[in-house]
Amino acid sequence: MNKQEIMNLIEEEDVEFIRLQFTDAFGNLKNIAVTPQRFEKVIDNRYPLDATYFFDGLYEMDEDLYLCPDLDTFVILPWRPQQGRVGKFICDLYHSDGRLFEMSPRLILQNVVKKAKEKGYTFIVNPECEFFLFHTDENGVPTTITHDTAGYFDVGPHDLGENARRDMVLMLQEMGFEIESSHHEKAPAQHEISFREGEAFQTADDIMTFKFAIRSIAKRFGLYATFMPKPLQNVAGSGMHLDMSVYHNGKNIFECENEMSEEAKYFIGGIMKYAPAMCAVTNPVVNSYKRILTGFSAPRSIYWAKSGEKALIKYHHDIEGAKVELRYPDPAANPYLAIAACVAAGLAGIENKTDPGLENKISAKLLPANLKDAVKLFEKESLMKEVFGEEFVKIYSEVKKNEWNDYMMQVSDWEINRYFIKM
């Protein structure tokens, strides 16, 4: 839609508030609300914000950035009131001189996708986003309490989240999502809703909107939806598996009469080669590594297979054709950064004919054990600097090192229970 068509729709649908949303460096969704009268000026003049908050206030940047709505992303939020409705846009970030902000995650992914298309490649991504639904207390504050006792594919009455999940599906569909499936996951209070695959850039936009919608709809049920990778001990954590296929001149190059193409193997080889360094963006928080290290089907050994839950990467066919499934990313990831890294690594594997080794050959090579180790690999890897830019890698790594140091300064209950009386 163009500007005038959107303004007409805003008037016809009685939209009174418009959310201008963007994603910061760490995948946090940020938001500024304006009225329709102000919105017309925002399109023409852009909306300023302090660039410091692009790094969540953790790194000083001495400039203003400007929000510019991507008109193709406009959607009206179906869970808001029918009178005085609310719409939203995803925005791009610009410098004051009109240049796109080069460290914007959305632009980083756009650039990676553009380079791939210049070589004839289109990347299709199908995400599987897992999340937990917990109760809130009498003040609406999130807890880690659940009375849900359901397991994988269970139904009510054990699955206490099925009504909320049903409304999530219905409202996502109203927003234009094509939902493929929804079900209870392995852990109590854990759920998954899968939506139809799309081109890499569109999928990243959709993941951000999906997470925003899930949290908003959960609140209507007195629940809190969290995409934290490992909120509970002794049960499975949440992953964000990424099923990927690659098309060249309209053909899925992973397809082959002999079941698996050479390009699929090379793609897998590229992901395996760069996976440890990519973890800083695919598994970006301290808690990510508690999912990886404690198992429950979360992979750590770097190998590929055609079946089995422990493999880092799986090659399989479904009704849409041949796909490579990356099983280690988690939903704390900024989807723009995670998908950009995966596209770049897979494409490098295809171009360099990177050998993934034999199927089910478990390598001694492992994913990093913690965020500190992941960041060390990330900041040294030349491909990561090529994809994200040296300045972004430097700042991102610095902030993540500080995050690790903050974590290490905490004294946990585990330490008290293990050492206090003994020492």
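The values are calculated or read from the model by the stated rules, or taken from the named source; none is laboratory data. Since this is a predicted model, take the numbers as computed values, not measurements. Counting neighbours? That spans all protein chains shown, and the Cβs are built from the backbone with ideal geometry, glycine included. The protein model used for the area step is the full one, side chains on, heavy atoms only, and it has no ligands, DNA or RNA in it. Shrake-Rupley method; radii C 1.70, N 1.55, O 1.52, S 1.80 Å.
In table form, for the structure just shown:
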item	result
Accessible area expressed per residue, the range 217-318, with surrounding protein chains retained (probe 1.4 Å, Å²)	38
Rotationally averaged projected area of the range 157-199 (alpha carbon convex hull; nm²)	3.4
Entries of 114/323; 380/401; 353/385 with Cα pairs more than 18 Å apart	114/323; 353/385
Qualifying trypsin sites (Lys or Arg not before Pro) for the range 61-105 [loop in DSSP, other Cβ within 10 Å: at most 16]	99
Burial order of peptide ranges 114-123, 336-345, 412-421 (average beta-carbon count within 10 Å, highest first)	336-345, 114-123, 412-421
Fraction of accessible area attributable to carbon and sulfur, the chain (%, probe 1.4 Å)	48
Summed residue charge, Cβ within 11 Å of residue 366's Cβ, Lys/Arg positive, Asp/Glu negative	+1
Relative contact order computed over the chain (Cα-Cα under 8 Å; 6+ residues apart), in percent	14
Amide proton proximity set for residue 180, modelled H, under 5 Å, gap of 5+	194, 195, 196
Net charge of Cβ neighbours under 12 Å - reference residue 172; Lys, Arg +1; Asp, Glu -1	-1
Tally of Lys pairs whose C-alpha atoms are under 22 Å apart, taken over the range 185-295, 8 or more apart or cross-chain	10
Global geometry of the range 295-423, whether rounded, prolate or oblate, following the gyration tensor of its Cα atoms and the 1.5 cut on a/c	oblate
Mean Cα-pair separation over length for the range 39-181, i.e. relative contact order, pairs under 8 Å, 6 or more apart, %	13
Exposure of residue 143 as accessible area (Å², to 10), given a probe of 1.4 Å and all protein chains	30
